[in-house]
Structures are given as structure tokens and as C-alpha cells.
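Note sheet for the following structure.
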Amino acid sequence: MCWTTNFFIKEKSNPAFVSWHQDSTYWGLSKADVVTAWVALTPANAENGAMEIIPGTHKLDQIPHHDTFAKHNLLTRGQEVAVEVDRSKAVRLDLEPGEMSLHHVRLPNSSSDRRIGFAIRYIPTHVRQLVGEDSATLVSGEDRYSHFKLEQRPYRDMDAEMLALHHTITGRNAKILYRGTGVESYNHPRAAGVR
Ligand SMILES: O=C(O)CCC(=O)C(=O)O
């Protein structure tokens, strides 16, 4: 199933950044069986802030994070790992437009500067959402578990019904991602942001 998608958009000379984090931290999913296809819509390289990862660290358990709510951090809570990161082990994922990298939900990653990526998060049907109401789109095979409400596929661009559904889903996701912070309203600028 496709659980969710997010744009990671950073304009030139913009202070936006992504701190070192594991995607799994606030997603509320029962298992770390999640892969993100990060599709480059612009080049991503050393000059414009390609994503960096620490290879092998996805095999660690969940790492503690703290919320910074830093203004220019693209993550919902500005969360970052609460441990020292050995940057000498970091690998940059350079991509040309149309190429993609695949990363595991527990893999710490970060980035700075300009580029645009579209992150598509895939889960197997046996994963559950543990902390709220959630939905996903079946993209292949059969769902024998019914853990997620299945989303209707959009049948045309910008259809009013689909936009209303998107609004509902975004509000629901915000409740999951911001739980416990007091920032759970969809109208809050951060609640319309990314993961
Ligand atoms: O685009 C980036 O630099 C970060 C991507 C990311 O954090 C994610 O896919 O969850």
C-alpha cells in the first residue's frame, strides 16, 4: 500500500533544512516495514543539498529524538536524533531528475539547500496504525488484513471530492504526527507540512 506522499521542496538561498532523524519516530506504525521512494524532480547533489544517510544504521532500533520546532526545519516537529552523529560515515545520495533512492524508515537522514524530491512511502498490508485513524491506497496485490481504510484512487486532477478527501487525510495525519504537542490542528502552518 502507499501510506502517504510528501514533497520535500527547498528553494535556492532558503534556510529550509532537514535535521538528522529517523522517519519512523512519530509515524505510529506497528512495524518498521516501510520503504520510501525518494524521487528527484530536480538534480540533488553536493551544491544543492542532496539527502545524506548513515549506511547500516537502519538496523538499529528506534533512536531517541527531541523536538526542536526549529523555524526552518521541514520536519513536523523539527525533530532530531538525541545522539551524536558521526558525519564522517555519512553518504550523499546524488540523483538526477527522474532517478530515485529507496530508504528504510529507520535510516537516519538529513539535508540542506535547494532541490525538490517527492517521497512516496510504501507499507505492506500487515502493518497497523497504532495511534490514530489512518488510511492508505492499495497499489498492488490484495489487502487481507484491512488494518487501514482503503483510499479511493483519484480519477482526475483537482477533483473537488478528491481534494476534500485529501484535506480529511491531511488533518488526520496531523493528529498522528503532532500527538502530545498541542499542535494538532490542520490549520497550524506546521500541521500542513511534512513528516
Ligand atoms: O528530502 C530530504 O532531504 C529528507 C527526506 C526525508 O526526511 C524523508 O523522506 O522522510
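Taken together, the values in this text are just the output of simple stated rules run on the coordinates, not laboratory data. Model, not experiment: these values are computed from the prediction. Reconstructed Cβ throughout: ideal geometry from the backbone, glycine too, with neighbour counts over all protein chains shown.
Treating cross-link reach as a plain straight distance, find the aspartates and glutamates whose alpha-carbon is under 13 Å from the alpha-carbon of Lys149, omitting any fewer than eight places away in the same chain.
Qualifying aspartates and glutamates at Cα under 13 Å: Glu133, Asp134.
Go through the stretch 30-46 residue by residue and turn each phi into a ³J(HN,Hα) via Karplus (6.51, -1.76, 1.60, θ = phi - 60°); whole Hz please, and just put x for glycine and proline.
Going residue by residue, I get 5, 9, 7, 9, 9, 10, 10, 8, 9, 9, 7, 9, 10, x, 10, 8, 5 Hz, with x marking Gly and Pro.
Rounded to two decimals, what is the ratio between the C-alpha radius of gyration of the chain and 2.2 N^0.38 Å?
On the way: Rg = 16.5 Å, N = 195, 2.2 N^0.38 = 16.3 Å.
Against the empirical 2.2 N^0.38 Å value, I get 1.01 for the chain.
Mind checking which of Tyr122, Ala16, Asn45 is farthest towards the positive end of the chain's charge dipole, using Cβ charges of +1 (Lys, Arg) and -1 (Asp, Glu) about the Cα centre?
Of the candidates, Ala16 comes out farthest on the positive side.
Looking at the stretch 1-99, what % of the alpha carbon pairs are farther apart than 17 Å?
For the stretch 1-99, the fraction of Cα-Cα distances above 17 Å is 59 percent.
Only Lys, Arg, Asp and Glu count, each charged at its Cβ (+1, +1, -1, -1), so figure out the dipole size of the stretch 79-155 about its Cα centre, rounded to 20 debye. Don't skip to the answer; put the middle values down first.
On the way: 11 positive and 12 negative charges, 11 e Å.
Roughly 60 debye for the stretch 79-155.
How big is the charge dipole of the chain about its Cα centre, in debye rounded to the nearest 20, if each Lys and Arg gets +1 on its Cβ and each Asp and Glu gets -1 on its Cβ? Walk me through the intermediate numbers first.
Details: 23 positive and 23 negative charges, 58 e Å.
Magnitude of the dipole: close to 280 debye.
Cut-off 10 angstrom, C-alpha nodes, Gaussian network model of the chain. Which of Gly28, Gly49, Gly98 fluctuates the most?
Gly98
Can you pull the one-decimal nm distance between simple spin-label points at Asp86 and Thr168, each 7 Å off the Cα toward Cβ?
Computed distance between label sites Asp86 and Thr168 equals 4.9 nm.
Angle between the Cα long axis of helix 160-177 and the longest principal axis of the chain, 0 to 90 degrees, nearest 10?
With rounding to tens, the tilt is 60 degrees.
Which lysines have a Cα less than 22 Å from the Cα of Lys12, not counting those fewer than 8 places away in the same chain?
Lys71
So which residue, out of Glu80, Glu161, Glu96, gets the largest mean-square fluctuation from a GNM of the chain using Cα contacts under 10 Å as springs?
Answer for the Gaussian network model of the chain: Glu161.
Between Ala70, Gly98, Leu165, whose Cα lies farthest towards the positive end of the dipole of the stretch 2-192 when Lys and Arg beta carbons carry +1 and Asp and Glu beta carbons carry -1, centred on the Cα centre?
Ala70
Gaussian network model of the chain, Cα springs within a sub-10 Å range: biggest mean-square fluctuation belongs to which of Leu102, Leu163, Leu41?
It is Leu163.
Mind sorting Asp61, Asp134, Asp67 by how few other Cβ atoms lie within 10 Å of their own Cβ, fewest first?
Asp61, Asp67, Asp134
How large is the helix-only mean residue ellipticity at 222 nm for the chain, computed as the sum of -39500 (n - 2.57) over DSSP H runs with n ≥ 4, divided by its residue count, in deg cm²/dmol to the nearest 500? Walk me through the numbers before you get to the answer.
Details: 1 runs with 18 residues, N = 195.
Counting only the DSSP helices, I get -3000 deg cm²/dmol.
When Asp157, Asp86 are ordered from fewest to most other Cβ atoms inside 10 Å of their Cβ, what list results? All intermediate terms of the calculation are to be shown ahead of the outcome.
On the way: Asp157 6, Asp86 9.
If I rank by nearby Cβ atoms, fewest first, I get Asp157, Asp86.
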